[in-house]
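Below: the structure, in structure tokens.
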Amino acid sequence: MLYSYGEQMNPSGRLIYSAGDSKIVLLDLGLRKSEVIYDRSPDVALIERLTKVSDDKFLFQECPITETCMLKEFDLITKNITTLRKGKMPTYVAKANKLFFYSLTHDTNEKWLFVASLDASSTSVKVAKAPPRVQLPNGLLSDREAPALEISPDQVLFVGEDYHLWIYQIPQSTLRPTGIAHSLPVAWRSLTQDLICYDWDAKAYYQINLETKQTRPLPQYESAFGLLYIPQLDTLVYAKTRLYLFVSERYDIFAYEFSHDKEIKLQSNAGMATGIWLP
């Protein structure tokens, strides 16, 4: 946990993260020591998404440059790695035992968001078609889908084909619109029932309440990425860029505790594209 004694935050627990490269790192927050627990090197593979299964297991997405992206399970006790299936951007919802992920359909080769039971991941059901790519001013195409975001034990939120955010209600297998457009869902602050989003037009983070639609800009996270919310602590963990010798960029990992309005550095010279927190 993150305990505050006066002005001092003393972190403990385990932060497991990837910088988006071929490695997965475990950072002991109490000792401030890190170790690489998985390394696909020397192969070139991108690990850009982790999702927690339990205090001892997590899933990750591994995308070798010349191969199909695969979803794998890592057991922290045995160190065993199990390949589950093809797919990208996994999100596991524990109470419902449901795994959400993106994959291509066999018949039309279109990208969809799917849902499956974790213990039967080969049998999946379509949730919604992924949003089309958007052409940037430089002519490049940019993806607009994001990992499904758990906002309650039986609901997830995702970017729909119309570039709006939709809620999928797991027990009923039904969709509900939010009215929010052109934003990537980043984190769900469960304490206040607020959604942290990234507006891809304004290139800025903001917070919005789904019921009142009241918004608040979050300029303090302008250079942040890999945002991870820890509901037990009402704390946000993220990486930020900084200039090094006014020439190159470096990355550091921080934690921000909302209740104390305080930020501390967890690790220097480390980037985090995706991460999970374990006690």
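The values are calculated or read from the model by the stated rules, or taken from the named source; none is laboratory data. Since we're looking at a predicted model, the values are computed, not measured. Ideal geometry is used to build each Cβ from the backbone, glycine not excepted, and the neighbour counts take in all protein chains shown.
Scanning for something of a type outside the set (Gly, Ala, Ser), in contact with a Phe, Trp or Tyr (Cβ under 7 Å, 6 or more places away or on another chain) and under 25 Å from residue 275 (Cα atoms), does segment 120-127 turn up at least one residue? Yes. Between residues in segment 12-30 that are among the β-branched types (Val, Ile, Thr) and residues that are part of a loop (DSSP other than H, G, I, E, B), which pairs lie under 8 Å by C-beta distance while being six or more apart or on different chains? Note: pairs meeting the criteria are 25/19; 25/270.
Can you tell me which residue within segment 198-235, out of those that are β-branched (Val, Ile, Thr) and closer than 24 Å to residue 253 by Cβ, is surrounded by the most Cβ atoms within 10 Å (Cβ to Cβ)? Walk me through how you get there before you give the answer.
Kept after step one, since they are β-branched (Val, Ile, Thr), are these residues of segment 198-235: 208, 212, 215, 230, 235.
Keeping just the survivors that are closer than 24 Å to residue 253 by Cβ gives 230, 235.
Numbers: 230: 18, 235: 22.
Per the stated criteria, the residue is 235.
Could you count how many residues in segment 159-176 are among the β-branched types (Val, Ile, Thr) and either out of contact with any strand residue (DSSP E or B) (no Cβ under 8 Å at 6 or more places or on another chain) or outside any strand (DSSP E or B) (or both)? I'd like the intermediate steps shown before the answer.
Here is the first cut: in segment 159-176, the residues among the β-branched types (Val, Ile, Thr) are 159, 167, 170, 174.
Remaining after also requiring either out of contact with any strand residue (DSSP E or B) (no Cβ under 8 Å at 6 or more places or on another chain) or outside any strand (DSSP E or B) (or both): 170.
Qualifying residue count for the region: 1.
Among strands (runs of 3 or more DSSP E) entirely within segment 49-140, having at least 2 residues that are of a type in the set (D, E, K, R) singles out 57-64, 70-75, 81-86, 124-129.
Restricting attention to segment 180-214, which residues are closer than 19 Å to residue 259 by Cα, free of Cβ contacts under 8 Å to residues at least 24 places away in the same chain and either small (Gly, Ala, Ser) or part of a strand (DSSP E or B) (or both)? Passing the criteria: 194, 206, 207, 209. The C-beta contact set for segment 124-135 (first residue over 18 Å from residue 169 (Cβ atoms), second residue among the hydroxyl-bearing types (Ser, Thr, Tyr) and surrounded by 13 or more Cβ atoms within 10 Å (Cβ to Cβ), distance under 9 angstrom, 6+ apart or interchain) comprises 130/102; 131/163; 132/163; 134/163.
When restricted to residues that are farther than 19 Å from residue 148 by Cβ and surrounded by fewer than 20 Cβ atoms within 10 Å (Cβ to Cβ), segment 58-77 contains 8. Just one of the listed residues (195, 191) is buried (at least 20 other Cβ atoms within 10 Å of the Cβ) and of a type outside the set (Phe, Trp, Tyr), namely 195. Residue 84 meets the conditions (1) in contact (Cβ under 8 Å) with a residue 40 or more places away in the chain; (2) in contact with a Leu (Cβ under 7 Å, 6 or more places away or on another chain) in every case but one. The failed one is (1).
Here is a yes/no grid of residues against (1) at pLDDT 95 or above; (2) out of contact with any Gly (no Cβ under 6 Å at 6 or more places or on another chain); (3) closer than 24 Å to residue 12 by Cα; (4) aliphatic (A, V, I, L, M):
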| site | (1), (2), (3), (4) |
| --- | --- |
| 185 | yes, yes, no, no |
| 191 | no, yes, yes, yes |
| 221 | no, yes, yes, no |
| 239 | yes, no, yes, yes |
